[in-house]
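Asks: Pasting in a structure now, in structure tokens, and then I'll have a few things to ask.
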Amino acid sequence: MLDSVRVRLMLWYMSILVLVLVGFSGVLYVMVARSLYADLDDDLRLSLETVTVKLVRELGENKPERQAALDAINELSTREAAAVFNSSGTLIAEQPAQGNIHARLPAGDSIPGGDIHLETESQRVGGADVGRRVAAQRVYVAAQDAPYVLVISESFDSVTDGIGTIRDMLYITVPGALLISGLGGWFLARRSLASVVAMSERARRISAESLEQRLPVGNPRDELGRLASSFNELLARLDESFSHQRRFMADASHELRTPLSVMRTATDVTLEREGRAEGEYRDALKIIDEQVRRLTRIVEDMFTLARADVGRQGLRPCDFYLDELAMEAARAAGVLASRKGVEITVAPSSEVLFNGDEGLLRQMLLNLLDNAVKHTPAGGSVHVELALRNGHCTITVSDTGLGIPAEAQPHIFERFYRVDKARSRDEAVHGGSSGAGLGLSIARRIAETHGGCLELRCSGEVGSTFVASLPLPEVAGI
Ligand code: ADP
């Protein structure tokens, strides 16, 4: 049961409320009790003062001592017991309280000179001990040396009645408030967590095959709504990545299947008949050799792509000069270029010290150069240029080739996309990349993994220009 957030929330809420209510009730109880005790003392003081004034006045009118004392105390309420003693402690007059309770003289020396003495006494009434509050005062009368002692006592009934009332009130209100707020808390927690329950129900039903489903978003501005929105964004990214993977797998298997079926056909046809001439076997092996090379290239390309996809942690970074790497790549591509009658030129550049994965960046440059040479007719040229701008090194590879059709330009960086499948595959046999439509996507992924980008700046009848921009170490934070 404690595994439910709803129950835990309500228990926390109730515990805090219990603490608050108990604390509040305790303070209220103590304050009311103290005020009732103080009121009782005030009542007794007032009665003492009234009786004293009356007694002094009556004695001043030369009334007999006992009569004057009786007159002074007979107007007190029936709750109060009063008695007047002379200085030697002899009772002169008294008025018992209801229940025949008598005011008793406190120990003589405990009553101070002119002040009021207050104490609590216990009397046995009807077989039970009853507590009473006692107030006593010495009363000095002119022309008399010794003072009288006036004693008034009152039961604690008014105090206990008041305290009882407040206690009864708290006994009802505190559990009532707890019950109402507990039910309210349970209801509120249920309501506000209902969307979480709905979200978890839906999330449980979402699998890799149903990533297009989304969680219900109640109020998109509150915390749970924002959580659901973030989760939905995550689902959208996962969905995108899963369909990307699926597309990739489908395209990859398609690409791998073609050379395999060419090889199978070659072997089937050759083995169909026995006693073939050596030349026929050689032709079959040549076909198989070409297809194996092609398969190897595709697998290598896929491996490079997988490495670049891992991100920065897949890199093997080292310090090297980018300008030297560009020269080296141009020299390597120059073999194919000179065979085709295409000239490769590299613009002179200052030294560009770089930190990154040299092997992957060489692959990026080779893919760009390989494409440029492949798509440039004999007599054309390919130009490579390095420039430093805003902490970035831009590498421009431009050619005077046929250009890329406008409708194909938005897709050339997609994996396995080729403008002209037959031509690309045929030429790739002699070139640098697999010709499976992976060259540019690999090059772009490598640039991105280094914190940079690769774009087609322009392409038309006069050729194409690709620009890779790589942040230099201090900008990339390498
Ligand atoms: P591949 O590895 O098959 O060459 P890429 O991903 O490198 O595939 O290129 C995708 C397509 O873009 C290619 O089919 C090609 O037609 C086109 N392309 C790439 N570079 C150039 C270029 N410099 N000139 C003309 N077309 C190009």
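Asks: Which condition number in (1) in contact (Cβ under 8 Å) with a residue 40 or more places away in the chain; (2) more than 12 Å from the ligand (Cβ to nearest atom); (3) of a type outside the set (S, T, N, Q) is the one that L368 fails?
Replies: Going through (1) in contact (Cβ under 8 Å) with a residue 40 or more places away in the chain; (2) more than 12 Å from the ligand (Cβ to nearest atom); (3) of a type outside the set (S, T, N, Q) one by one, L368 breaks only (2).
Asks: How about region 387-404: which of its residues are within 12 Å of the ligand (Cβ to nearest atom), assigned to a strand (DSSP E or B) and not polar (S, T, N, Q)?
Replies: Matches in region 387-404: V397, D399.
Asks: Those residues that are under 17 Å from L369 (Cβ atoms) and either at pLDDT 95 or above or more than 8 Å from the ligand (Cβ to nearest atom) (or both), I need them from region 432-462; list them, please. Spell out the reasoning first.
Replies: Taking region 432-462 and keeping what is under 17 Å from L369 (Cβ atoms), we get 432-435, 438-444, 446-447, 454-457, 459.
Scanning region 432-462 gives G432, R444, I446, A447, L454, E455, L456, R457.
Asks: Answer yes or no as to whether M302 is surrounded by 13 or more Cβ atoms within 10 Å (Cβ to Cβ), under 28 Å from G460 (Cβ atoms) and under 42 Å from the mean Cα position of the chain (by Cα). If you could, list the steps in order and put the result at the bottom.
Replies: Values: surrounded by 13 or more Cβ atoms within 10 Å (Cβ to Cβ): yes; under 28 Å from G460 (Cβ atoms): no; under 42 Å from the mean Cα position of the chain (by Cα): yes.
When the stated conditions are applied, M302 does not pass them.
Asks: In addition: Any residue at all in region 377-384 that's at pLDDT 90 or above, in contact with a helix residue (DSSP H, G or I) (Cβ under 7 Å, 6 or more places away or on another chain) and either more than 28 Å from T296 (Cα to Cα) or away from the ligand (no atom under 11 Å from the Cβ) (or both)? Before the answer, list the steps.
Replies: Narrowing region 377-384 to residues at pLDDT 90 or above: 377-384.
In the following step, the residues that additionally are in contact with a helix residue (DSSP H, G or I) (Cβ under 7 Å, 6 or more places away or on another chain) were identified as 378, 382, 384.
Among the residues that remain, those that are also either more than 28 Å from T296 (Cα to Cα) or away from the ligand (no atom under 11 Å from the Cβ) (or both) are: 378, 384.
So far as region 377-384 goes, yes, one or more of its residues are at pLDDT 90 or above, in contact with a helix residue (DSSP H, G or I) (Cβ under 7 Å, 6 or more places away or on another chain) and either more than 28 Å from T296 (Cα to Cα) or away from the ligand (no atom under 11 Å from the Cβ) (or both).
Asks: Test A330 against the stated conditions and say whether it is buried (at least 19 other Cβ atoms within 10 Å of the Cβ), within 15 Å of the ligand (Cβ to nearest atom) and hydrophobic (A, V, I, L, M, F, W, C). Talk me through it step by step, then tell me what you get.
Replies: Numbers: buried (at least 19 other Cβ atoms within 10 Å of the Cβ): yes; within 15 Å of the ligand (Cβ to nearest atom): yes; hydrophobic (A, V, I, L, M, F, W, C): yes.
Yes, satisfied.
Asks: Which members of region 463-478 meet the condition of being more than 13 Å from the ligand (Cβ to nearest atom), modelled with pLDDT of 75 or more, surrounded by fewer than 22 Cβ atoms within 10 Å (Cβ to Cβ) and outside any loop (DSSP other than H, G, I, E, B)?
Replies: Result: S469, P471, P473.
Asks: Of the residues in region 153-172, how many are assigned to a helix (DSSP H, G or I) and either in contact with a Cys (Cβ under 9 Å, 6 or more places away or on another chain) or of a type in the set (G, A, S) (or both)?
Replies: The first filter runs over region 153-172 and keeps only residues assigned to a helix (DSSP H, G or I), leaving 157-172.
Still in the list and also either in contact with a Cys (Cβ under 9 Å, 6 or more places away or on another chain) or of a type in the set (G, A, S) (or both): 158, 162, 164.
Matching residues across region 153-172 total 3.
Asks: Taking the condition of being of a type in the set (G, A, S) and over 30 Å from S155 (Cα atoms), how many residues in region 1-39 meet it? Spell out the reasoning first.
Replies: The initial filter retains those residues of region 1-39 that are of a type in the set (G, A, S), namely 4, 15, 23, 25-26, 33, 35, 38.
With the extra rule that they be over 30 Å from S155 (Cα atoms), the set shrinks to 4, 15.
So the answer is 2.
The values are calculated or read from the model by the stated rules, or taken from the named source; none is laboratory data. Here the structure is a predicted model, which is why all the values come from computation and not from measurement. Cβ coordinates were reconstructed from backbone atoms using ideal geometry, including for glycine residues, and neighbour counts include every protein chain displayed.
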